[in-house]
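Below: the structure, in structure tokens.
Each reported figure results from applying straightforward, stated rules to the coordinates on display, with no laboratory input. These numbers come from a predicted model, not from an experiment. Quick reminder, even Gly has a Cβ in these numbers, built from the backbone with ideal geometry, and neighbours come from all protein chains shown.
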Amino acid sequence: MTTGLPWWRQLLKKVHPEGIPSPGTKLYNILSASAIFQRHYELVAKDILGYCTQGHILDVGTGPGWLLLAIYKLCPSLKLTGLDVSPSMVASARENLTKSGVKDGIDIVEGNASALPFPDETFDLVVSTGAFHHWKAPVDGLNQIHRVLKPGRYALIYDLVSDTPKSILAETTREFGRLKALLFWLHSFEEPFYTGENFTSLAKSTLFKQGSSRFVGVLCCLILKK
């Protein structure tokens, strides 16, 4: 199945690691704790709570766990699980939770999006933020999400896209400054990001069959319903 990526982005996807290895974990943990990242975690957390305020949420590719913490602060009654393919990132997320004083309500497990280690129809909502472009088998991953999602519930996949509208970039520039917005823009070229159209059209090849997309801050959100 073709992802619709140009050849050079397909090459990037092949050589790009699916999980951030140990040397990069500490650097990413520091970068993701910066204001521009944390602001987007807050935006995404609020967006997520528009779909689910009770039950069990899975975050695929949770990274350092910042999104789970943002959700927890807004709605501590939710049961939250984070999954990441990188052992060092799992350790980093657990450490961040401990430092934040969270002892119950959030679990972090190691695993791959293409083979989620959970029973069918476990979750009330499945989300992923900034990880989707790393997935080597995106359709398999989305089908796994469909499997573990309860009927009638949503999956929300947030990621940067390579053709972010100028209006969105301008808004990001106003809020965070030209340099930080420029770094985000350059980031979309050195990583194997999809175009907005390719990102949304992937849903057609999955068990979800269809999807829609919109922007939450600078992130494009693919909305899928089981």
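Once backbone amide H atoms are built at 1.01 Å from N, Val109 has Gly82, Leu83, Asp84 as its partners under 5 Å, excluding neighbours fewer than 5 places away on the same chain.
Please tell me which of these pairs span more than 30 angstrom C-alpha to C-alpha: Lys46/Lys209; Lys46/Lys99; Lys136/Lys225; Lys99/Lys136; Lys73/Lys136?
Numbers: Lys46/Lys209 26 Å; Lys46/Lys99 23 Å; Lys136/Lys225 22 Å; Lys99/Lys136 32 Å; Lys73/Lys136 32 Å.
From the list (Lys46/Lys209; Lys46/Lys99; Lys136/Lys225; Lys99/Lys136; Lys73/Lys136), the Cα-Cα distance tops 30 Å for Lys99/Lys136; Lys73/Lys136.
Database remark: amide H of Val161 closer than 5 angstrom to the amide H of Cys220 (H placed geometrically; neighbours at sequence offset of 5 or more, or on other chains; Pro and chain starts carry no H).
Using θ = phi - 60° in the Karplus curve 6.51 cos²θ - 1.76 cosθ + 1.60, the 3J(HN,Hα) couplings for the range 82-97 round to x, 10, 8, 7, 8, x, 5, 6, 4, 5, 5, 4, 4, 5, 5, 5 Hz; x is entered for Gly and Pro.
The residues packed around Leu207, meaning those with a beta-carbon under 15 Å from its beta-carbon, carry a net charge of +4 if Lys and Arg are +1 and Asp and Glu are -1.
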